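Working notes, structure below.
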Amino acid sequence: MIARMWRGWVRTEQANAYVAYITGTGLREYAATPGNLGCQMWTRDLGDGRTEVLTVSWWESRAAIIGFAGSDIEAAVFYPEDDEYLVDRETTVSHFEVAAASPVM
């Protein structure tokens, strides 16, 4: 299993709207892609007017990630309204081999 992670930053007052937007775009697209094993979006208020956003998705293989991201799986995928929310963003993603896991409680 491979974990795919991306990070961006939004204005705190727009955090809930951005989460709703990405839930309807990115997370929906992750879930609809064959080989996706799940996804989550995490947020953290930084206390300086910004909220950090982290998307995490789990995939059966790198080939499955290509089905979502295209041939350059290291490049982040963005959506049309991202520029309305993001004050900063990573343009690449990180991939990790999942070495061990336990059930979520």
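The values are calculated or read from the model by the stated rules, or taken from the named source; none is laboratory data. Keep in mind that this is a model prediction, so the values were computed, not measured. Neighbour counts are summed over all protein chains in view; Cβ atoms, including those assigned to glycine, are modelled from backbone coordinates with ideal geometry. Side chains included, ligands, DNA and RNA excluded: accessible areas come from the protein's heavy atoms. Shrake-Rupley method; radii C 1.70, N 1.55, O 1.52, S 1.80 Å.
Restricting attention to segment 37-68, which residues are free of Cβ contacts under 8 Å to residues at least 12 places away in the same chain and farther than 17 Å from Val10 by Cβ?
Matches in segment 37-68: Ile66 only.
Could you pull out the residue among Asp45, Asp72 that is within 22 Å of Tyr18 (Cα to Cα) and either modelled with pLDDT of 95 or more or touching a helix residue (DSSP H, G or I) at 6+ places or on another chain (Cβ under 7 Å) (or both)?
On the way: Asp72 fails: within 22 Å of Tyr18 (Cα to Cα).
Unique residue meeting the criteria: Asp45.
Please list, ordered by first then second residue, the pairs with beta carbon atoms under 6 Å, 6 or more apart or interchain, first in segment 7-36 and in contact (Cβ under 8 Å) with a residue 60 or more places away in the chain, second buried (at least 17 other Cβ atoms within 10 Å of the Cβ) and aromatic (Phe, Trp, Tyr).
Filtered contacts from segment 7-36: Val10/Tyr18; Val10/Tyr85; Gln14/Tyr85; Tyr18/Tyr85.
Can you name the strands (runs of 3 or more DSSP E) wholly within segment 1-92 that have at least 3 residues being closer than 30 Å to Pro103 by Cβ, of a type in the set (S, T, N, Q) and open to solvent by less than 30 Å² (accessible area, probe 1.4 Å)? Before the answer, list the steps.
On the way: elements: 2-11, 36-45, 50-59, 86-89.
Answer list for segment 1-92: 50-59.
Mind checking which pairs have a first residue in segment 75-90 that is of a type in the set (Lys, Arg) and a second that is open to solvent by less than 70 Å² (accessible area, probe 1.4 Å) and at pLDDT 95 or above, Cβ under 6 Å, 6 or more apart or different chains?
Arg89/Gly8
Give segment 81-105 a look and list any residue that's of a type outside the set (A, V, I, L, M, F, W, C), closer than 15 Å to Gly8 by Cα and under 16 Å from the mean Cα position of the chain (by Cα), or say none. Steps first, answer last, please.
Looking only at segment 81-105, we keep the residues that are of a type outside the set (A, V, I, L, M, F, W, C), and these are 81-85, 88-92, 94-95, 97, 102-103.
Now drop any that are not closer than 15 Å to Gly8 by Cα, which leaves 81-85, 88-92, 94.
Those that are of a type outside the set (A, V, I, L, M, F, W, C), closer than 15 Å to Gly8 by Cα and under 16 Å from the mean Cα position of the chain (by Cα): Glu81, Asp82, Asp83, Tyr85, Asp88, Arg89, Glu90, Thr91, Thr92, Ser94.
With the checklist (1) open to solvent by 90 Å² or more (accessible area, probe 1.4 Å); (2) under 20 Å from Leu27 (Cβ atoms); (3) outside any strand (DSSP E or B) in hand, flag the one item Ala99 doesn't pass.
Of everything listed in (1) open to solvent by 90 Å² or more (accessible area, probe 1.4 Å); (2) under 20 Å from Leu27 (Cβ atoms); (3) outside any strand (DSSP E or B), Ala99 misses just condition (2).
If Gly26 satisfies every condition in (1) out of contact with any Gly (no Cβ under 9 Å at 6 or more places or on another chain); (2) closer than 16 Å to Tyr79 by Cα; (3) at pLDDT 95 or above but one, which is the exception?
Only one criterion is unmet by Gly26, namely (3).
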